[in-house]
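The values are calculated or read from the model by the stated rules, or taken from the named source; none is laboratory data. Here the structure is a predicted model, which means the values were calculated and not measured. So basically every Cβ, Gly included, is an ideal-geometry build from the backbone, and we count neighbours across all protein chains shown. Surface areas here come from the heavy atoms of the whole protein model, side chains and all, with no ligands, DNA or RNA. Shrake-Rupley method; radii C 1.70, N 1.55, O 1.52, S 1.80 Å.
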Amino acid sequence: MNWLLVVAGAMVGAPLRYLTDRAVQSRHDSVFPWGTFAVNLTGCLILGLLAGAAASGAAGSHLQLLLGTGLCGALTTYSTFSYETLRLAETGAEFYAAVNVIGSVAAGLGAAFAGVAVAQAVWA
């Protein structure tokens, strides 16, 4: 049963990741990978909200499997982030590569902490 929750979340997360990435990237005339940045940030926020809700007792294990493991697991992408950073560095865009790494980690942590704080404020 648990694996079905993960599969169901991933069935939503994977196409959502692709469609969001394409939609965001098509609106920016830049070598910076805004689409991947956006989906990873969104996933960090969702996972932070879920972690805060779980810590407050408002989210059970089934919701964690569906949204955390399934949806966020398929929505976010460390491999694409790594590949795009490597490509930026290889093509001479070292500044953008550094901004991608530093910005993604800092903004992702910020989004996760914000999600936890919001969830705890709502369900405290």
TODO: Consider Gly68 carefully, then state whether it is part of a helix (DSSP H, G or I) and open to solvent by less than 40 Å² (accessible area, probe 1.4 Å).
DONE: yes
Open item on the list: Considering only the stretch 13-29, I want to know if a residue exists there that is surrounded by fewer than 16 Cβ atoms within 10 Å (Cβ to Cβ) and either β-branched (Val, Ile, Thr) or in contact with a Gly (Cβ under 6 Å, 6 or more places away or on another chain) (or both).
Closed with: no
Open item on the list: Here is a list: Glu94, Glu90, Glu84. Which entry is touching a helix residue (DSSP H, G or I) at 6+ places or on another chain (Cβ under 7 Å) and farther than 19 Å from Gly9 by Cβ?
Closed with: Glu84
- [ ] Could you list, in sequence order, all residues of the stretch 85-115 that are farther than 15 Å from Ala38 by Cβ, open to solvent by 40 Å² or more (accessible area, probe 1.4 Å), assigned to a helix (DSSP H, G or I) and in contact (Cβ under 8 Å) with a residue 40 or more places away in the chain?
- [x] Tyr96, Leu109, Phe113, Ala114
- [ ] Take the residues in the stretch 30-61 that are among the small types (Gly, Ala, Ser) and either closer than 30 Å to Phe95 by Cα or surrounded by 20 or more Cβ atoms within 10 Å (Cβ to Cβ) (or both), then tell me which one is nearest to the chain's Cα centre (by Cα).
- [x] Gly43
